[in-house]
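Here the structure comes first, spelled out in structure tokens, and everything after it is commentary.
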Amino acid sequence: MNNAQPTRRPAYEIVQAGLRKRYRAERRFRFLGGAAIVISLMFLAILFADICGKGLPAFRQTHIKLPVYFDAALLPANQLEKADYQSLVKQACRTLFPDVKDRRQKRALYGLVSSGAGFKLRQMVLDNPAMIGTTREVWVAADDGVDMLTKGQLQGNTDGGRFSPAQLSWIGQLEDKGRLRRQFNVALFTNGDSRDPELSGVWGAFCGSCFTLLVTLMLSFPIGVAAAIYLEEFAPRNRWTEFIEVNINNLAAVPSIIFGLLGLAVFINFFGLPRSAPLVGGFVLTLMTLPTIIIAGRAALKSVPPSIREAALGIGASHMQTVMHHVLPLAMPGMLTGTIIGMARALGETAPLLMIGMVAFIVDIPTRFTSPATALPVQIYLWADSPERAFIERTSAAIIVLLLFLITMNATAVFLRKKFERRW
């Protein structure tokens, strides 16, 4: 009979094996975390490269130099605002190509120049009536097709037959004579929306977003901070308070289009406020961002050490003085962070603005809180749905402007947070 007992592993070997297992698990976790960050950065780089690759060409627009004769017969002194300035553009085109006689060819020739060229000549005459009777060399915007062709995004008459051989010949002659060039697209940053891509700009949508966000900030920040202070510092702990807190937390997860429906029913249908107005957009976005600001504000107040409150109360300060003079300044950086998160979400929202009519085609630049306006995300949505090829690069350019707007807003918030931050 064999009485030998099974040998047991020494304790230090068991401990060493356990340590090696934990170290291997830690190395796997670090590798997976690093790989996730690298993959995220790679997709982010691809996204930015795609947006910049498509949008940066929109910052330059093709222009044609025309010898415009400001004919006094077409510009009567008492009707300068209503004169036919487009006839001056056609006359200048015929001066460049005097061999074009056929009516059909003339129409094709005029199509090389943007329909907005007459507006530029009108503004020049109104600014300086003394130029009537003289000939000036004027750079005017080319048609969006010519712009796409010079940027290499159209392949002449083989790309859908957009240009005839005669038009390609005229474009080539203009390039040879130095009358065709690309320059910074000022219209993209000064104009409102337009059916013509070469005349469309983001300024109207940018102003609409600024008005809307200003209303949102003026309402949501003080109300959100006040609600957070009351719920965290002064509200009694009972069922009603818990009911309110639970509902605020639930509102933060409600789809944004629900707030749009609420704004349509309350602000427009019940109170009769104007549609497509930044004022109504600001009201709706305020309802949407308030839960985020309140939750972030309460978390910031909770993070203040109790010793701060105890020290203030110990030297005779009232509860209100303790909160306003000691707790709130220390919690303000966290509140600003929550506010900027809510404002960033409001800046990129489209669905609630669609419900209150801010999706309308609006050419004019808004000047008041009640002026008809649209917003940058809605403008991007409208351009992305347009069939013209030139609107593809306009869409990407508007996305770049929106990202720069967001980065600027975040940088301002970070600066304010650093300025008011206090360490203990």
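Table for the structure above
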read-out: Label selected from (i) 302; (ii) 318; (iii) 133, the criterion being volume of the Cα convex hull per residue in Å³ as computed here; value: (ii)
read-out: Cβ crowding within 10 Å averaged over residues, with 222-230, 75-83 ranked highest first; value: 222-230, 75-83
read-out: Fraction of accessible area attributable to carbon and sulfur, the chain (%, probe 1.4 Å); value: 62 percent
read-out: Efficiency of FRET between Arg60 and Glu242 - r from beta-carbon atoms, R0 60 angstrom, step 0.05; value: 0.55
read-out: Using alpha-carbon coordinates, inclination of helix 11-55 to the longest axis of the chain, degrees; value: 20 degrees
read-out: Relative contact order for segment 1-138, counting Cα pairs under 8 Å that sit 6 or more residues apart, in percent; value: 29 percent
read-out: Potential lengthening between Val38 and His325 on full extension [0.36 nm per residue; Cα-Cα distance subtracted]; value: 98.9 nm
read-out: Low-density loop cleavage sites - trypsin sites (Lys or Arg not before Pro) in segment 133-219, where at most 13 other Cβ are within 10 Å (DSSP); value: Lys177, Arg195
read-out: Degrees separating the helix 278-302 axis from the principal Cα axis of the chain, which is the longest one; value: 30 degrees
read-out: Trypsin sites (Lys or Arg not before Pro) within segment 240-313, DSSP loop, no more than 16 other Cβ atoms inside 10 Å; value: Arg275
read-out: Rg in Å to one decimal, and Dmax rounded to a whole Å, for segment 334-405 via C-alpha atoms; value: 13.8, 45
read-out: Listed peptides 93-102, 30-39, 212-221, 165-174 by packing density, highest first (mean Cβ within 10 Å); value: 212-221, 165-174, 93-102, 30-39
read-out: Computed over the chain: relative contact order in percent, which uses C-alpha pairs under 8 Å that are six or more apart; value: 19 percent
read-out: Estimated translational D of segment 264-394 in µm²/s (Stokes, Kirkwood radius over Cα pairs; 20 °C; 1.002 mPa s); value: 121 µm²/s
read-out: Where labels lie 7 Å past Cα in the beta-carbon direction, separation of Gln105 and Arg368 in nm; value: 5.4 nm
read-out: Binned Cα-Cα distances of segment 210-259, short to long, each 5 Å bin given as a whole percent; value: 4, 16, 18, 24, 19, 11, 5, 1, 0
read-out: Volume in Å³ per residue [convex hull over Cα atoms, computed for segment 31-165]; value: 154 Å³
read-out: Angle between the chain longest axis and helix 203-229 axis [Cα atoms, degrees, rounded to 10]; value: 20 degrees
read-out: Violating pairs (Cα-Cα greater than 29 angstrom) within the set Lys54/Lys101; Lys54/Lys106; Lys106/Lys177; Lys106/Lys151; Lys120/Lys177; Lys21/Lys302; value: Lys54/Lys101; Lys54/Lys106; Lys21/Lys302
read-out: 1.4 Å probe accessible area per residue over the chain, in Å²; value: 56 Å²
read-out: Contact order relative to length of segment 53-203, as percent, for alpha carbon pairs under 8 angstrom and 6 or more apart; value: 32 percent
read-out: Net charge dipole size for segment 305-410 [Lys, Arg +1 and Asp, Glu -1 on Cβ; Debye, nearest 20]; value: 180 debye
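The values are calculated or read from the model by the stated rules, or taken from the named source; none is laboratory data. As the structure is a prediction and not an experimental result, all values here were calculated from the model. Every residue, glycine as well, gets a Cβ built from its backbone with ideal geometry; the counts of neighbours run over all protein chains shown. Note: accessible area is taken over every heavy atom of the protein model, side chains too, but ligands, DNA and RNA are not part of it. Shrake-Rupley method; radii C 1.70, N 1.55, O 1.52, S 1.80 Å.
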